[in-house]
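To keep things clear, I will list the structure first and then write my remarks on it.
The values are calculated or read from the model by the stated rules, or taken from the named source; none is laboratory data. Please read all numbers here as calculations on a predicted model, not as lab measurements. Glycine gets a Cβ as well: all are built from the backbone with ideal geometry, and neighbour counts include every protein chain shown. Surface accessibility is based on the protein's heavy atoms, side chains included, excluding ligands, DNA and RNA. Shrake-Rupley method; radii C 1.70, N 1.55, O 1.52, S 1.80 Å.
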Amino acid sequence: MARREKGPTKTNAMRELDSAGIAYEAREYEHGDGVPGRHLGDSVAAALGEDPDACLKTLVCEEPSGGHVVCCVPVSCEVDLKKAAAAAGVKRLELVPVASIERLTGYVRGGCSPVGMRRPFPTIIDEAATLFDTVAVSGGRLGLQLVLDPADLVEFTGAHLADITREGN
């Protein structure tokens with residue numbers, strides 16, 4: 001009897017999308033053993049053969065009041081914190097320190113997904129995501145991306161769309 005080929009081990013992000021009946025493709029890539037760096041997103045897009053504008057990085061930000069906001073922007077761009085704060089309706093946002101990411105989200109740096117965090121946070125997805133039939137987001141661990149319809153991502157996360165990027169890497 002032939003063995004059935006196994007896919008990637010299910011992450012919380014995958015389980016939540018499965019439960020919601022949202023279609024996605026799980027794609028694994030070689031990520032190396034080093035600490036994710038500034039250009040991790042570019043290397044992920046290249047490894048997957050995807051347009052860097054269609055691969056979204058997930059950034060967790062903190063409000064002055066201590067609340068948190070998740071921003072998803074193309075890996076080819078940087079988040080504009082002033083634009084993101086305006087879109088979130090707050091005075092200012094700052095990126096959460098790397099040491100706090102896992103505690104807040106349940107995900108490690110470089111594997112943070114907007115889907116399946118420990119608790120839901122308000123989410124803003126850069127409006128450029130709607131220019132693509134599919135976008136890729138982290139699958140909840142290093143070496144795994146989930147490719148799905150951006151409309152499904154927006155609806156599932158309860159996100160709103162806004163221009164929250166500036167050019168640059």
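State whether the range 112-169 is rounded, prolate or oblate according to the following rule on the C-alpha gyration tensor (a ≥ b ≥ c being the square roots of its eigenvalues): a/c under 1.5 gives rounded; otherwise a/b larger than b/c gives prolate, and the remaining case gives oblate.
Judged from the Cα gyration tensor, the range 112-169 comes out rounded (a/c under 1.5).
Once the Cβ-Cβ distance between ARG15 and ALA47 is put in as r, and R0 is 30 Å, what FRET efficiency do you end up with, to the nearest 0.05?
The value I calculate is 0.80.
Ignoring GluC sites (Glu not before Pro) that are buried or in helix or strand per DSSP, and keeping those with at most 11 other beta carbon atoms within 10 Å, what is the longest stretch of the chain between them?
My reading of the result: 31-169 is the longest stretch.
At 0.36 nm per residue, minus the direct Cα-Cα distance, what do GLU28 and GLU102 gain on full extension? Give it in nm, one decimal, please.
The span from GLU28 to GLU102 would gain 24.5 nm if fully extended.
Want the number for ARG166 to ARG109: 0.36 nm per residue separation, take away the alpha-carbon distance, what's left?
18.4 nm
When the Kirkwood radius is taken over all Cα pairs of the range 46-169, what Stokes-Einstein diffusion coefficient follows at 10 °C and 1.306 mPa s, in µm²/s?
This corresponds to a translational diffusion coefficient of 112 µm²/s.
Suppose a student asked you for the relative contact order of the chain, using Cα pairs under 8 Å spaced at least 6 residues apart; what percent would you report?
The normalised contact order for the chain reaches 28 percent.
Could you report the accessible area of VAL154 in Å², rounded to 10, computed with a 1.4 Å probe on the protein chains as they sit in the structure?
Number for this one is 30 Å².
What aspartates and glutamates does LYS91 reach when the alpha-carbon gap must be under 15 Å and sequence neighbours fewer than 8 apart in one chain are set aside?
By straight Cα distance, LYS91 reaches GLU62, GLU63, ASP80.
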